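**Student:** Below are the structure tokens for one structure; questions will follow.
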There are 2 protein chains.
Amino acid sequence: MFIDQLIKKIIEKRNPTVVGLDPQEYLIPQCIIKKYGEEIESIGEVLWQLNKVIIDQIAPLVPAVKLQIAFYERWGIEGLKAYQKTIQYAKEKELIVIGDIKRGDISSTAQAYAIAHLEGPFACDGVTVNPFMGSDSIRPFLDLCKRHEKGSFILTKTSNPSSKEFQNLVVEEKPLYLHIAYKVEEWGKSLIGDYGYSSIGAVVGATHPKEARELRKAMPHTFFLVPGYGAQGARAEDILSCFDERGLGAIVNSSRGIIGAHLKEKGRDISLEYFKNSVRNATEKMQKDLLKGLERNAKYKVY
Amino acid sequence: MFIDQLIKKIIEKRNPTVVGLDPQEYLIPQCIIKKYGEEIESIGEVLWQLNKVIIDQIAPLVPAVKLQIAFYERWGIEGLKAYQKTIQYAKEKELIVIGDIKRGDISSTAQAYAIAHLEGPFACDGVTVNPFMGSDSIRPFLDLCKRHEKGSFILTKTSNPSSKEFQNLVVEEKPLYLHIAYKVEEWGKSLIGDYGYSSIGAVVGATHPKEARELRKAMPHTFFLVPGYGAQGARAEDILSCFDERGLGAIVNSSRGIIGAHLKEKGRDISLEYFKNSVRNATEKMQKDLLKGLERNAKYKVY
């Protein structure tokens, strides 16, 4: 089962971190661009080689990676080839691979997306899904999660400032995101694994600690994928409310904070060795920060 | 300006129809599959040849096509190559091309999607966008719509049965979709063209005629992209409330009703000539039905 495998790996690595492989242009070290081509045609090769270096560094340290497909789609066919190759390579390195696709559509269209990203050409272990169109948009993902032991994280409360515009509107004395939360719990109830969590999870932004606490309560069987740590401003103590008393219940994403850590220190003109160290150090620092927070708070230690 | 060009073409062709190029497997005529390859590797060629036949038939009759990217993404790289080629060919035939991508993400990620689909490798004339994450997710699309005279249709009230689960929740005595509608009007206000409509439009399902009427009132400057006609059950009289008194204000999508019209008559085992006639006849019938409805209702005829 997806969620059990994810939790087992988190415990094994003592690390509830998922590294975001979001290769935005401005953070790619010059040495990789110089080696693999500065022409637009070679962008696929650059993205793939960059990811390979990162994966080699982080594979022993973290349970999972998350690929934001937009940063590959942006380069068209060549970018998506790199996306595909990266998924494959991360799987070979025994990382759990989450496709951050945020697709949301209905019936046969939702099914086409679910096939593409859970079973077919871009198959990941788990994906993110947008719930705006309701159950019709979720069902095909549930079906394939069941059939292939995969996972889906449903956007519930996102980390961006304007997420409040709709997600916090009050319906029957409760914000919209709580109504979504109840639905996510319902959608996930037939996919609950050994740790009490479902393979249908939720995306819950780390930038809203109070809301995270509320959602943790409202969704006792729902595992959280938590973006917003590091570069987006959330700190370790902000996200502790996403975890349960055992120190489980959430995996925290960092992207720029890890694969762009060199920018603050030295910029892009660095050696490959420097980049490798920077990625590894940032990953280890994040693990340390998270564990410190969790150890202070979790009543029952599972790590 | 995107919206003025779209409206001009609608008037010129006397046809507020957009044909959905949604090549689901089950509707592709056997003759095309036999000619261009039955192997999975040749799926890209099959999709592209199918679309080429359809476009050649409909280009003189309709102002626009809409491509549901999920049905290409589902086949991976080969499918997306066909998507790209189809966009190019439809533009050469002077059709307005709408990418039904329903992407929704934030800041730099939203920007990557906007570049991919309005400026870069998959550039269409307009796209559909999911508003769940608020203004942060819309802004990059607005920026590129301004810079390149493109358009975006924001999901406001979708045509599927479960759209009511969240979109109809009541906030301050008004359904959520109305709150979205007010935002869409606001987002579009700096992109209003000669006919009083903005290049930032809304997706409004044809299966909810009462709601369409309410939304038409709430969004006087917002052009509607209306799915759900034909196969999804909406009839011409259902969608009239999406139009204004001039008979403008909306473009109606039909996909299966046109490119799958042969299924009801004869099934998939048909000649290429039969398929061409079937596509053309279905398109002409839809135009006739829409115009009949509009002529009965529009006070000022623009067609």
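**Student:** Being assigned to a loop (DSSP other than H, G, I, E, B), touching a residue at least 40 places away in the same chain (Cβ under 8 Å) and touching a strand residue (DSSP E or B) at 6+ places or on another chain (Cβ under 7 Å) is the filter here, so list the residues in segment B:220-252 that pass it.
**Tutor:** B:227, B:228, B:243, B:249, listed by residue number.
**Student:** Checking the conditions here, which among B:159, B:163, B:137 is touching a Pro at 6+ places or on another chain (Cβ under 9 Å), buried (at least 24 other Cβ atoms within 10 Å of the Cβ) and within 14 Å of chain A (Cβ to nearest Cβ)?
**Tutor:** That would be B:137, the only listed residue that is touching a Pro at 6+ places or on another chain (Cβ under 9 Å), buried (at least 24 other Cβ atoms within 10 Å of the Cβ) and within 14 Å of chain A (Cβ to nearest Cβ).
**Student:** Of all residues in segment A:122-162, count the ones that are touching a residue at least 60 places away in the same chain (Cβ under 8 Å), among the hydroxyl-bearing types (Ser, Thr, Tyr) and under 27 Å from residue A:89 (Cα atoms).
**Tutor:** Number of matching residues: 1.
**Student:** Limited to segment B:140-156, what total is found for residues that are more than 12 Å from chain A (Cβ to nearest Cβ) and either buried (at least 23 other Cβ atoms within 10 Å of the Cβ) or not in a helix (DSSP H, G or I) (or both)?
**Tutor:** Total satisfying the criteria: 7.
**Student:** Further question: Quick check on my filter: what residues within segment A:253-303 are crowded, with 17+ Cβ neighbours inside 10 Å and without any contact (Cβ under 8 Å) to a residue 40 or more places away in the chain?
**Tutor:** A:257, A:261, A:278, A:282 - these are the residues of segment A:253-303 that are crowded, with 17+ Cβ neighbours inside 10 Å and without any contact (Cβ under 8 Å) to a residue 40 or more places away in the chain.
**Student:** Would a scan of segment B:185-197 turn up a residue that is crowded, with 19+ Cβ neighbours inside 10 Å, at pLDDT below 95, within 14 Å of chain A (Cβ to nearest Cβ) and not in a strand (DSSP E or B)?
**Tutor:** no
**Student:** A further question on this structure: Does residue B:89 satisfy being aromatic (Phe, Trp, Tyr) and either at the interface with chain A (Cβ under 7 Å from one of its Cβ atoms) or more than 23 Å from residue A:43 (Cβ to Cβ) (or both)?
**Tutor:** It is true that residue B:89 is aromatic (Phe, Trp, Tyr) and either at the interface with chain A (Cβ under 7 Å from one of its Cβ atoms) or more than 23 Å from residue A:43 (Cβ to Cβ) (or both).
**Student:** Another question, if that's okay. Kindly list, by first and then second residue, each pair from a residue in segment A:108-121 that is more than 7 Å from every other protein chain (Cβ to nearest Cβ) and more than 20 Å from residue B:160 (Cβ to Cβ) to a residue that is assigned to a helix (DSSP H, G or I) and among the aliphatic types (A, V, I, L, M), limited to pairs with Cβ atoms under 8 Å and residues at least 6 apart or on different chains.
**Tutor:** Every condition considered, the pairs that remain are A:118/A:144; A:119/A:144.
**Student:** Collect the residues in segment B:52-110 that are assigned to a helix (DSSP H, G or I), touching a Ser or Thr at 6+ places or on another chain (Cβ under 7 Å) and over 24 Å from residue B:11 (Cβ atoms), keeping them in residue-number order.
**Tutor:** Passing the criteria: B:70, B:110.
The values are calculated or read from the model by the stated rules, or taken from the named source; none is laboratory data. Since the structure is predicted, the reported quantities are computational estimates derived from the model, not experimental observations. Here the Cβ is made from the backbone with ideal geometry for all residues, glycine too, and neighbour counts use every protein chain on show.
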